Amino acid sequence: MKASALHQHRITSSKQAPLTLSASRARSCNIKAALSLASSQSMSVTRLELYDDPHSEFSAKVKVALYAKGLSWSPLDVPCGSTRSPELLALNPLGKIPVLCVTFEDGRREVVYESEVILEFLEDQFPQRPLLPADPIQRSKARLISRFHDLYLEPALRRLYPQVAPSVRSEQLVQEAAAAFHARLAELETLLPPAATTTITTRSGVHCRPSLALTDASQGLTLADCAYPALFLYAELILPALGLPPLRYEGLPRVAGWREALWTQPAVQVLLGELQPAAAEWLERKLRS
Ligand SMILES: N[C@@H](CCC(=O)N[C@@H](CS)C(=O)NCC(=O)O)C(=O)O
């Protein structure tokens, strides 16, 4: 699927096409038939709505999965622009986005939150274009890499966010947080399978073959991949903004090859088309404060 086609799909009004496997499929068949195909459960989903913020890293993770599965969804603004608003807390008592609202064909509306739980829900509800490999061990590895993002790598990067504003920046905290982030990246290198470092020899020399976390790039994304485009993007923006050396993934050949392969994926390209300007705007705003 081309990136432009995916983008069109993302902005499709849910009134026009409640939920489809793909834009082309919606055109070629009755919507209701597509909906029942799209759902593994007896009850079909007619609408997906996502409370998100254009620069939210965890919302980006969910959007990669939605795009990879070719699912249509509508964005919802966070009520009053605050994750602490009574309206959002009524949906997610943890006061965080992303929050996915799911409407079923009988009109029932359910709320799913926590990005990893949302991804697992999407996988259960829409098993077509699976994001989890068939083999149980490979599934556990995909979950491990995704979990590593949520529990270890992203929290390390997050320590740098409050340091972006020059008015409150502490050089010591920047150095400590950057060192901790690089230590986590080195751990990530060891979690990735050696396939990510597979080299190919051509007449022009030896090249690192781009590979996704668990599969060859030609096989598409898995659950392991969804969180990392936003993580890499923010890390690449924030480190130099803090006066630190740019992130070049030196000594991390598996991570470097994986990052390169991610950027070739249509779902990631759609996400980056939205996230890059939002992240740049966020950074500019923080740098002025
Ligand atoms: N563990 C949560 C983390 C979500 C998260 O931290 N979201 C941020 C935006 S990227 C947020 O809502 N922050 C507001 C807050 O923590 O009050 C998940 O995986 O969904």
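The values are calculated or read from the model by the stated rules, or taken from the named source; none is laboratory data. This one's a predicted model, so the numbers in the text were calculated from it and none came from an experiment. As a convention, Cβ positions derive from the backbone with ideal geometry for all residues, glycine included, and neighbour counts pool all protein chains shown.
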Give segment 90-103 a look and list any residue that's away from the ligand (no atom under 11 Å from the Cβ) and buried (at least 16 other Cβ atoms within 10 Å of the Cβ), or say none.
-> L91, C101, V102, T103
Only one of these conditions is not met by E260: (1) in a helix (DSSP H, G or I); (2) closer than 28 Å to A165 by Cβ. Which number is it?
-> (2)
Total residues in segment 132-170, condition crowded, with 17+ Cβ neighbours inside 10 Å, in a loop (DSSP other than H, G, I, E, B) and at pLDDT below 95 | 2
Just for segment 43-84: of the residues that are polar (S, T, N, Q) and over 15 Å from Y113 (Cα atoms), which one is surrounded by the fewest Cβ atoms within 10 Å (Cβ to Cβ)?
-> S82
Leading residue by the ranking (surrounded by the most Cβ atoms within 10 Å (Cβ to Cβ)) among those in segment 197-248 that are within 22 Å of the chain's Cα centre (by Cα) and modelled with pLDDT under 65 | P210
Verdict on R109 being more than 13 Å from the ligand (Cβ to nearest atom), among the charged types (D, E, K, R) and in contact with a Ser or Thr (Cβ under 6 Å, 6 or more places away or on another chain) | yes
Taking L173 as meeting all but one of (1) modelled with pLDDT under 95; (2) surrounded by fewer than 16 Cβ atoms within 10 Å (Cβ to Cβ); (3) in a helix (DSSP H, G or I), write down the number of the exception.
-> (1)
Which residue pairs have Cβ atoms under 9 Å apart, sit 6 or more places apart or on different chains, and have a first residue in segment 106-120 that is over 13 Å from L131 (Cα atoms) and a second that is more than 9 Å from the ligand (Cβ to nearest atom) and at pLDDT below 95?
-> D106/M43; R108/M43
Which one is farthest from the ligand (Cβ to nearest atom) among residues in segment 114-130 that are modelled with pLDDT of 95 or more and within 11 Å of T222 (Cβ to Cβ)?
-> E123
Test each condition in (1) charged (D, E, K, R); (2) at pLDDT below 95; (3) exposed (fewer than 13 other Cβ atoms within 10 Å of the Cβ) for E87 and report the one that comes out false.
-> (2)
Qualifying residue in segment 142-156 (condition: in contact with a Pro (Cβ under 7 Å, 6 or more places away or on another chain) and either within 16 Å of the ligand (Cβ to nearest atom) or touching a residue at least 24 places away in the same chain (Cβ under 8 Å) (or both)) | yes
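I'd like to check something: does segment 98-111 contain any residue that is farther than 21 Å from Q219 by Cβ and of a type in the set (S, T, Y)?
Yes, that holds for at least one residue.
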Does any residue of segment 58-80 turn out to be within 16 Å of the ligand (Cβ to nearest atom), modelled with pLDDT under 95 and in a helix (DSSP H, G or I)?
-> yes
